[in-house]
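Below is one structure; the comments refer to it alone.
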Amino acid sequence: MATLPKGTILAVASAFAAAKTVSAVSNASEAVFTCTAHGYSVGDILQVYSGWGRLNRRAVRVKSTPTADTFVAEKIDTTNVEYFPAGSGIGTVRKVSTWTQIPKYLNPSSSGGEPKPVTVEFMDEDVETTLNNGFSAVNETFDIDADQFGTASYLALVALTDQQTDTILKKTLKSGSLVFTPCTVALNENPQMSGGTIMVNRVSVNGNGRITRY
């Protein structure tokens with residue numbers, strides 16, 4: 001059955017636990033992270049900082065019962081050693097400790113994430129070839145009720161705007177499916193006025209990595 005956007009819940013990661021060192025990441029259909037005394041539990045959402053560009057900044061979910069020093073990143077396939085060279089995935093991870101829901105949002109819009117084609121015309125061929133040169137950045141915007149001023153969600157957006165540090169946007173779809181977008185957030189604190197509707201503040205989300213969906 002198709003999924004309708006109405007009813008989607010938005011939240012931002014407004015606080016993270018201290019980062020922990022990752023000393024190894026396996027090449028596997030679901031990557032195993034070696035992280036001494038990590039303390040993570042099944043279902044925890046982590047943001048990864050890795051030497052692997054295709055994994056760097058992505059959100060991952062801890063799968064199965066982790067050991068004291070390792071955990072499995074659900075649905076994170078690192079088997080291709082061309083994309084994920086063995087031994088190069090080390091870095092850090094940090095756990096999302098607080099999600100802050102963004103209530104009363106409206107006018108959502110998104111763009112980006114499309115393949116970036118490059119057209120190549122080899123001199124010894126009489127036809128062009130199109131190659132995929134990665135993906136464009138993800139940009140999303142939505143408005144919030146200006147009367148949310150001073151609420152926990154508003155203050156969280158202000159803090160993230162001021163800091164301009166990495167965070168994660170979480171979408172909870174009506175089906176229960178989860179979409180995580182690593183990003184920075186910018187809140188326009190100047191209320192926008194337009195005839196026939198409520199005053200709003202515009203929120204811009206600038207994606208800086210691939211989404212993860214569960």
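The values are calculated or read from the model by the stated rules, or taken from the named source; none is laboratory data. Since the structure is predicted, the reported quantities are computational estimates derived from the model, not experimental observations. With ideal geometry, Cβ positions are generated from the backbone for all residues, glycine too; neighbour counts draw on all protein chains shown.
Select from the stretch 38-59 the residues that are without any contact (Cβ under 8 Å) to a residue 24 or more places away in the chain and either crowded, with 22+ Cβ neighbours inside 10 Å or more than 13 Å from I90 (Cα to Cα) (or both) and write down the one among them that is farthest from the chain's Cα centre (by Cα).
G39
List pairs: first residue in the stretch 101-115 and of a type in the set (K, R), second residue outside any strand (DSSP E or B) anywhere in the structure, Cβ distance under 9 angstrom, at least six positions apart or on different chains.
K104/D147; K104/Q148; K104/S153
Are any residues in the stretch 129-173 crowded, with 19+ Cβ neighbours inside 10 Å and of a type in the set (D, E, K, R), and if so, which ones?
Correct list: E140, D143, K170.
Being at negative phi, in a loop (DSSP other than H, G, I, E, B) and touching a helix residue (DSSP H, G or I) at 6+ places or on another chain (Cβ under 6 Å), is that true of even one residue in the stretch 140-157?
Among the residues of the stretch 140-157, not one is at negative phi, in a loop (DSSP other than H, G, I, E, B) and touching a helix residue (DSSP H, G or I) at 6+ places or on another chain (Cβ under 6 Å), which makes the answer no.
Let's see how each residue does on (1) within 25 Å of the chain's Cα centre (by Cα); (2) among the β-branched types (V, I, T):
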| residue | (1), (2) |
| --- | --- |
| L160 | yes, no |
| Q164 | yes, no |
| T172 | yes, yes |
| S177 | yes, no |
| P182 | yes, no |
| A186 | yes, no |
| E189 | yes, no |
| G196 | no, no |
| N201 | yes, no |
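Out of the residues in the stretch 36-62 that are part of a loop (DSSP other than H, G, I, E, B) and basic (K, R), state the one that is modelled with the lowest pLDDT.
The qualifying residue modelled with the lowest pLDDT is R54.
Would you be able to tell me the number of residues in the stretch 79-110 that are within 18 Å of the chain's Cα centre (by Cα) and either assigned to a loop (DSSP other than H, G, I, E, B) or surrounded by 12 or more Cβ atoms within 10 Å (Cβ to Cβ) (or both)?
Qualifying residue count, the stretch 79-110: 14.
What is the residue count in the stretch 158-190 for residues that are part of a loop (DSSP other than H, G, I, E, B) and on the phi < 0 side of the Ramachandran plot?
Counting residues in the stretch 158-190 that are part of a loop (DSSP other than H, G, I, E, B) and on the phi < 0 side of the Ramachandran plot gives 9.
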